[in-house]
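Structure first, commentary second.
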Amino acid sequence: MNKKRITLLAVALLSVLTASCTNLWHDMLGSNVRQGVSSSLVDYLYPEGEIPPTNDQNTPNLQLPLRVGLAFVPSYSNNVEGLSEANKNLLLEKVKASFSTRDYIKDITVIPDTYLRSGKGFKTVDQVSRLYGLDVIALVSYDQVAHVDDTKSSILYWTVVGAYLVKGSKNDVQTFVDTAIFDVKTHKLLFRAPGINKVEGTSTLVNSPEHMRKAREEGFSLAMSDMTTNLENELEIFKDRIKSDKSVTVTHRDGYGGGGSFGFVSILLLIGFVFINSFLFYRAKQRM
Amino acid sequence: MKYSYFYQQKKYHLLVFFLFIALMAIGQQFTDSFQYDRLSIANGEYWRIITCHFCHIGWKHLLLNLIGFIFIILFFFHIYPLVKWFYATIFCSVFIGLGFLILMPELDWYMGLSGLLHSFLVIGLVGEIKRGRKLYYVGLLVVLLKVVMEKYVGPSIYTRQFLEFTVIADAHVLGALSGLMFSFLSKVKK
């Protein structure tokens, strides 16, 4: 009897201990929590509650071909789950590749996050634009929310082995990116294009952080692709809009060009043909 | 045996000549809308591919091209029927324009008839060769050499000083190429 009680007590104690271990693990990995990273365009351009100027009568003048800057709006949160500088660069290079072949774009410069992080507001944007000689700047802001929820099968995590084998964690990552294109001289918003994406998946408790990291990266990549498509459409709408409402003027830079002209050498050559023709004519006449 | 326009006495040739003059005079009034402008063409103004040949930077530019045009019409116009010259104008204009778009992305603007004149010149010379006048092989060779020279050395200093703008020698290369291509596709009347 006594032996039986001791066995039961040991089993109960073991259950409680393993469950506690799993719970501790669970908590450490951040299950059943909401995590997120974001950067706000408005907070960046108008810090400390600044208000955009009203009744600004300046009309943006775009001098084609344009020199475009492309940058992520810096995120000031200390969340390490955010995009790394390398990933940001990779994503922006993809966007650059989609637009750099356009005739009206001279070049697109990817601006590192750190350049914009030195300050806030249009003052910093102006400094960077002057540094790179930009006409317009495209600022990409983002918001990514990640949820990790347990499914019913997560009960098997209590067995410890289940934490390795059972896919009891449901991860979903929702990403929103928004690109706003500003005229550098007038600070006016020309147009904007959003991109959204939702990535869902399940993983084991052990693999959950890795799965989440990959889902976050995939979420950003797909949202940026969606944004690129929308940006192309918005660009076409913008081109049509400015033709009708004249809210933006477009001029061309003095580029390389010239005329096609018959030179003096060509004219001398043609005079040479007069002689050839005359020679052939008189020879034919003599034969007749 | 007849060797040039003077001996053909076809009055409609004169009509075509004046039509070209009229086209160029009109083109002169609308250079902004007619000239080759890469960005405008990219934005849908495709007519510029053809109209750019009928407007000129200034009267000196127009004058030199008119002299060339008069010579060409006198020597070679009788070789092909009128409709074939019309096709040649369209084919060679489009060829030169597309050549600019595809091969010369750095060229922002262009205007002038000389690209087309080089097409006509080559078409005329090949036409004469096809009619059995072998001496024109030399003429064709000289024209092709001149075009290559202009591309790599540039136009003569006198031309540059007279015109005071950049002469786009590539237009002449494309013109000569389009002329050769058109000639190979055409039959001449013997």
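The values are calculated or read from the model by the stated rules, or taken from the named source; none is laboratory data. It should be emphasised that the depicted structure is a prediction, and the values quoted were computed from it without experimental measurement. Glycine also receives a Cβ, built like all others from the backbone with ideal geometry; neighbour counts cover every protein chain displayed.
Miscellaneous remarks
- Test for B:Phe165: is it modelled with pLDDT of 75 or more and more than 7 Å from chain A (Cβ to nearest Cβ): no
- Any hit, the stretch A:234-246, residues being away from every other protein chain (no Cβ under 14 Å), of a type outside the set (A, V, I, L, M, F, W, C) and buried (at least 19 other Cβ atoms within 10 Å of the Cβ): yes
- The residue list B:Val138, B:Val147 contains one member that is over 16 Å from B:Ile72 (Cα atoms), among the aliphatic types (A, V, I, L, M) and either outside any helix (DSSP H, G or I) or facing chain A (nearest Cβ under 9 Å) (or both), which is B:Val138.
- Selected residue [more than 27 Å from B:Asn43 (Cβ to Cβ), in a helix (DSSP H, G or I), out of contact with any helix residue (DSSP H, G or I) (no Cβ under 8 Å at 6 or more places or on another chain) and not hydrophobic (A, V, I, L, M, F, W, C)] from A:Ser278, A:Ser266: A:Ser278
A quick yes/no check of all residues on (1) under 17 Å from the mean Cα position of the chain (by Cα); (2) among the aliphatic types (A, V, I, L, M):
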| residue | (1), (2) |
| --- | --- |
| A:Phe191 | yes, no |
| A:Glu232 | yes, no |
| A:Glu236 | no, no |
| A:Val265 | no, yes |
| A:Phe275 | no, no |
| A:Ala284 | no, yes |
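- Counting only residues that are free of Cβ contacts under 8 Å to residues at least 60 places away in the same chain and either outside any helix (DSSP H, G or I) or more than 7 Å from chain A (Cβ to nearest Cβ) (or both), the stretch B:113-132 holds 10 of them.
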